[in-house]
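Taken together, the values in this text are just the output of simple stated rules run on the coordinates, not laboratory data. The structure displayed is predicted, hence computed values, not measured ones. Every residue, glycine as well, gets a Cβ built from its backbone with ideal geometry; the counts of neighbours run over all protein chains shown.
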Ligand code: UD2
């Protein structure tokens, strides 16, 4: 099968592409390399087609879509605070870009589009865990754009018969998550703080909770969502069904690394949600989703990855001297 992975050079994208290649599929990656990196695809570079371009350019999207069977649409401007700072740019990429992907997908009659939606769609609704039947109430521009992406997918299903599935990711983390931007995910930031013995910054009191989900679980969901029968137009939570506070994450990292770091507490971020936890029974039932990697295992593996990546960079710098 031929897969188009938008955002395929990014964190979740490149992990998804690795698995598709391992299973022998033909893969086209469309990525403007704004968040993604070509080096994320280094190991499988000769086996895939990489098109450097943005989903905001419909002609580029049409070219990338050529003969695609499935589309895994991950390209996006992530980050709640970035969307608060620049809602127009987040809207342009996440909504206009998604519309381009859907238009090109229906024109070439792909079998299905799988869309990376977000747990941010739930907003501050107090009920935990979050169930897909709850009314979304996003509280950040980012959450709005991700929810609109779902609605557009469903509208394309109804108006044009385009099969679509939205996966509400719950705080995905793991190898290749970029720690270097102010908008990086918190676990990438915390892991590098422990690696470099710097102070982890906590926005708020650290008692906010998240259902942190290891990237391999998300990859599994992406692939299952492409082929599962009778799920078009549906939305699924992709999490682990657990939740942990940031303060407890720091304690867990302390155990993994044998270090104790004092966190620096700063005011909470605008648009931040207090608690998040997925009910995954729908994904289990309809997709056969089974998140095998626990939070603790995932965190150990992620920390080791940052450690070995840092060691490689240091060895290379030494050899270039
Ligand atoms: C949201 C979505 C997530 C995904 C992501 C994409 C929710 C519940 N989750 O993640 O599914 O779509 O957006 O960007 O909406 N923080 C610190 N220190 C730091 C960085 C962050 O304390 O250095 C805090 C931050 O204020 C927040 C928590 O950590 O309370 C998680 O932040 P994040 O940016 O990793 O992810 P989040 O929850 O905004």
- prompt: If packing is taken as the mean number of other Cβ atoms within 10 Å per residue, what is the order of 25-33, 181-189, 3-11, highest first?
  reply: 3-11, 25-33, 181-189
task: In vacuum, with every alpha carbon of the chain counted as one equal point scatterer, what does the Debye formula give for log10 I(q)/I(0) at q = 0.07, 0.11 Å⁻¹? Two decimals, please.
output: -0.26, -0.66
statement: Taking Cα atoms only, helix 186-196 is inclined relative to the longest principal axis of the chain by an angle, in degrees rounded to 10, of 40
message: Using only DSSP helix segments of four residues or longer, with each worth -39500 (n - 2.57), what per-residue ellipticity at 222 nm results for the chain after dividing by its residue count and rounding to 500?
response: -12000 deg cm²/dmol
- prompt: Can you give the Rg and Dmax of the stretch 1-155 based on its C-alpha atoms, in angstrom?
  reply: 15.5, 48
- prompt: Arranged from highest to lowest average of other beta-carbon atoms within 10 Å per residue, in what order do the peptides 155-168, 248-261 appear?
  reply: 155-168, 248-261
message: Can you tell me the convex hull volume per residue for the stretch 174-283, based on C-alpha atoms, in Å³ to the nearest whole number?
response: 123
query: In angstroms, what radius of gyration and Dmax does the stretch 173-224 have, counting Cα atoms only?
result: 12.8, 39
- request: Run through all the Cα pairs of the stretch 23-102 and give the fraction in each 5 Å bin from 0, expressed as whole percent.
  value: 3, 14, 24, 23, 18, 11, 5, 2, 0
- prompt: Using the eigenvalues of the Cα gyration tensor, what equivalent ellipsoid semi-axes result for the stretch 139-231 when each is taken as the square root of five times the eigenvalue, whole Å, largest first?
  reply: 33, 16, 11
query: Angle, helix 215-227 long axis vs. longest principal axis of the chain, Cα atoms, 0 to 90°, nearest 10?
result: 10
- request: Measure nothing but the geometry: give the 0 to 90° angle between the long axis through the Cα atoms of 295-320 and the longest principal axis through the Cα atoms of the chain, rounded to 10°.
  value: 80
